[in-house]
Amino acid sequence: MNKRSLIACALAAVFASAPLASQRTSAQELVRERLKSDFGIELLGKAALYSFNYQYTLSRQLGIEAGIGALGGGTGDDNATVAFIPIGAKLYLIPKDGSVYLTGGVTIVTAGTDSGPFDDSTSFGFIGVGFEFRAETGFTFRGTAYSLLSNDGFFIWPGLTLAYAF
């Protein structure tokens, strides 16, 4: 199975699960419906070490996100930079301010070096399951277990996000 097929399967799994999400039974508005945007930092996660992420909640059950993380260093003439750009979506399964969610997408990796494991631009898919709590004050916490997907297989990797919703 090639990389594009793995990414397509990951995204299809997230969106195919949409009918499983239950409808909210009360008329009370969710915090993620009022505070639709959030900005935060994810430690570990889909960008390997860290990433700054922005998420916009399109509906009660669906959010889209993008982020950036970079690693770099070097001396004088020998510099190296690797950038991670995760792009994906979240499907919330519980219509509450604390909800389990499914996530999927792709992380684009660009490298400004000729050595090491990232010697050229590449990408890998990710799918995961997590839990989010979004408080009335805007504080948002997410914990996610990701499966990072490539042509060579997959790798299980955790992610912890602290964000502020507005």
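Computed from the coordinates by the stated procedures, all read-outs in this text should not be read as laboratory data. Remember, it's a predicted structure, so these values are computed and weren't measured experimentally. Cβ coordinates were reconstructed from backbone atoms using ideal geometry, including for glycine residues, and neighbour counts include every protein chain displayed.
Note on region 64-166: the alpha carbon radius of gyration divided by the globular reference 2.2 N^0.38 Å gives 1.27.
For Tyr50, the residues whose amide H sits under 5 Å from its own are Leu44, ignoring neighbours fewer than 5 places away on the same chain, with H placed 1.01 Å from N. Taking the number of Cβ atoms within 10 Å of each Cβ as an exposure proxy, the fewest-first ranking of Asp77, Asp38, Asp152, Asp97 is Asp77, Asp152, Asp97, Asp38. Legend: ranking of residues Lys96, Lys46 from fewest to most surrounding C-beta atoms inside 10 Å; resulting order Lys96, Lys46. Between amide H atoms placed 1.01 Å from N, distances below 5 Å from Tyr146 occur with Trp157, Gly159, all of them 5 or more places distant or on a separate chain. The loop-placed GluC sites (Glu not before Pro) in region 49-151, going by DSSP, that have at most 16 neighbouring Cβ atoms within 10 Å of their Cβ come out as Glu136.
Using θ = phi - 60° in the Karplus curve 6.51 cos²θ - 1.76 cosθ + 1.60, the 3J(HN,Hα) couplings for region 131-140 round to 10, 10, 10, 10, 7, 4, 6, x, 4, 10 Hz; x is entered for Gly and Pro.
Using the Cβ-Cβ distance between Glu33 and Phe154 with R0 set to 35 Å, the FRET efficiency works out to roughly 0.55. Subtracting the Cα-Cα distance of Thr110 and Ala70 from 0.36 nm times their residue separation leaves 13.5 nm of extension gain. Applied to region 152-166, the Karplus parametrisation 6.51 cos²θ - 1.76 cosθ + 1.60 on θ = phi - 60° returns per-residue 3J(HN,Hα) values of 8, x, 9, 9, 7, 8, x, x, 10, 10, 10, 9, 10, 9, 9 Hz, with x for Gly and Pro.
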